[in-house]
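The values are calculated or read from the model by the stated rules, or taken from the named source; none is laboratory data. Remember, it's a predicted structure, so these values are computed and weren't measured experimentally. Using ideal geometry, Cβ is built from the backbone for each residue, glycine included, and neighbour counts are taken over all protein chains shown.
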Amino acid sequence: MTVTVNFSGYEGPVTCGPEETLLRAGLRAGLALPYECASGGCGSCRAQLVDGEVKTLWPDAAGLSERDRRRGNRILMCQSVPTADCTVKAPILDGPTVSREAVPERVTSRLLGRVELTPDTALFTLDFRSPIDFLPGQFMLLESPDGVRRAYSMAHPADGAGSTTVEFIIRAKPGGAASSWLFDKVQVGDEILVEGPYGRAYAQPGSERPAVCIAGGTGLAPILAITEELLVENRGRRVDLYIGARMAGDIVLLDRLARLNELGARVAVSVEDPDFAGTEPAGWAVFDDSRVGRVIDHVADDWTDLSDHDIYLAGPAGMVDAALRALVRERGASADRLFFDRFIA
Ligand SMILES: Cc1cc2nc3c(=O)[nH]c(=O)nc-3n(C[C@H](O)[C@H](O)[C@H](O)COP(=O)(O)OP(=O)(O)OC[C@H]3O[C@@H](n4cnc5c(N)ncnc54)[C@H](O)[C@@H]3O)c2cc1C
Ligand code: FES
């Protein structure tokens with residue numbers, strides 16, 4: 001069923017197709033709607049349902065507080081599919097240019113390959129059959145046949161040469177709904193429904209500022225894409241790449257890190273395992289620095305003032321939140337030059 005949605009404060013009604021969320025319908029119509037995770041966890045797409053009806057994809061979504069629920073008319077645009085014409089009062093985004101972002105589509109892809117990187121992490125390659133457009137650092141929602149939708153970030157920039165394949169670095173969460181599906185059920189050759197691209201923490205074109213790129217765990221995926229883009233766009237630019245992992249064996253895709261090093265990035269790795277000291281695996285000679293401890297502590301050790309830097313950050317939500325606090329409060333990072341994705345898992 002197609003319905004009409006009025007976003008108050010924005011011009012003109014928007015048509016919303018069957019099974020289409022308010023967020024996707026609004027973005028498709030070119031509205032600068034606020035959002036971050038597109039998967040119900042962060043609350044940044046919160047809006048007010050003034051009239052009409054919506055179906056909620058995730059009724060217990062963490063992005064709505066108890067207070068929001070008590071109010072009765074608060075919704076998450078990324079989790080709400082209209083079932084009748086409606087009016088929505090949504091904040092209007094101020095600042096970032098959204099016109100360069102590709103419109104999120106729902107397309108069927110096929111699993112082309114799944115290569116194990118560590119016992120719980122794999123590189124998934126999906127084939128979309130036609131070239132797919134996205135910005136370096138963006139993510140897609142992968143959807144299982146029974147409706148489990150989760151966000152995964154592309155691990156490289158889009159291929160301007162028209163490649164139809166996209167790679168993701170995915171860690172299996174024990175007992176996780178999407179993890180069980182992606183690691184135990186999906187076979188090479190199977191179809192996978194994908195919605196995207198989404199995300200605003202992408203490589204910012206045209207900036208001359210030095211950049212610090214920080215990845216925790218599978219946050220490596222978008223940070224690989226962003227770092228490559230920054231260096232290819234401006235070969236002389238100073239880019240410091242910090243990779244954090246729990247164990248030395250979790251530092252993966254050494255060939256890609258070596259390539260970024262060749263392109264000009266200074267690459268540092270941080271391993272939390274205290275037994276790691278002095279036991280650097282083969283192939284690590286390519287790194288400019290390797291240390292024991294939390295990646296954010298190493299960034300803080302290396303920099304006393306980051307006020308003139310662009311900072312890109314991706315990884316587990318707790319790590320990203322702690323890093324944001326430390327970088328803004330203690331290292332003078334400028335909030336409008338911080339681009340981050342919290343992997344709410
Ligand atoms: C922007 C972004 C990018 C990400 N990129 C990556 C990546 O590149 N690689 C990677 O390994 N992981 C990534 N993640 C994490 C990933 O999306 C999953 O959370 C993770 O794989 C665990 O999912 P699961 O279903 O296996 O676990 P589950 O525990 O089943 O679900 C994980 C989380 O999803 C939420 N959730 C629960 N029920 C629902 C529901 N019905 N609908 C929607 N959400 C629900 C809850 O917060 C839950 O804790 C990213 C997350 C975000 C937000
Ligand atoms: S809850 Fe909708 S964008 Fe995060």
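Listed by position, the strands (runs of 3 or more DSSP E) enclosed by segment 190-287 that each have at least 1 residues that are surrounded by fewer than 20 Cβ atoms within 10 Å (Cβ to Cβ) are 191-198, 266-271.
Taking segment 14-57 as the range and being near ligand 2 (Cβ under 9 Å from one of its atoms), small (Gly, Ala, Ser) and in contact (Cβ under 8 Å) with a residue 24 or more places away in the chain as the test, the residues that pass are ALA38, SER39, GLY40, GLY41, GLY43.
From the list LEU64, LEU76, LEU111, LEU126, the lone residue that is without any contact (Cβ under 8 Å) to a residue 24 or more places away in the chain and crowded, with 17+ Cβ neighbours inside 10 Å is LEU64. From the list ARG150, ARG106, ARG100, ARG114, the one residue that fits, being among the basic types (Lys, Arg), part of a strand (DSSP E or B) and closer than 26 Å to THR15 by Cβ, is ARG106.
Just one residue in the set VAL299, VAL328, VAL320 is among the hydrophobic types (A, V, I, L, M, F, W, C), part of a helix (DSSP H, G or I) and within 16 Å of ligand 1 (Cβ to nearest atom); that residue is VAL320. Set side by side, the residues GLN187, GLN138 differ, and just one is at pLDDT 95 or above and either of a type in the set (Phe, Trp, Tyr) or surrounded by fewer than 15 Cβ atoms within 10 Å (Cβ to Cβ) (or both), which is GLN187. Looking only at residues in segment 39-59 that are more than 7 Å from ligand 1 (Cβ to nearest atom) and assigned to a loop (DSSP other than H, G, I, E, B), the one that is farthest from MET140 (Cα to Cα) is GLY52.
A quick yes/no check of all residues on (1) within 16 Å of ligand 1 (Cβ to nearest atom); (2) basic (Lys, Arg); (3) surrounded by 21 or more Cβ atoms within 10 Å (Cβ to Cβ):
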site: ILE92; (1), (2), (3): no, no, no
site: ARG100; (1), (2), (3): no, yes, no
site: SER130; (1), (2), (3): no, no, no
site: PRO145; (1), (2), (3): yes, no, no
site: VAL148; (1), (2), (3): yes, no, no
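Among the residues of segment 69-80, those identified as away from ligand 1 (no atom under 16 Å from the Cβ) and under 22 Å from GLY9 (Cα atoms) are ARG71, GLY72, ASN73, ARG74. Does ILE169 fit the bill of being more than 30 Å from HIS309 (Cβ to Cβ), within 16 Å of ligand 1 (Cβ to nearest atom) and buried (at least 18 other Cβ atoms within 10 Å of the Cβ)? Here the answer is no, as ILE169 does not meet what is asked. When segment 22-38 is filtered for residues that are within 16 Å of ligand 1 (Cβ to nearest atom) and either under 14 Å from PRO197 (Cα atoms) or among the small types (Gly, Ala, Ser) (or both), the ones remaining, listed by number, are LEU23, ARG24, LEU27, TYR35, GLU36, CYS37, ALA38.
So which of GLY41, GLY30, GLY17 is on the phi > 0 side of the Ramachandran plot and either out of contact with any Asp or Glu (no Cβ under 8 Å at 6 or more places or on another chain) or assigned by TED's automatic domain parsing to the domain that holds PHE339 (or both)?
GLY30
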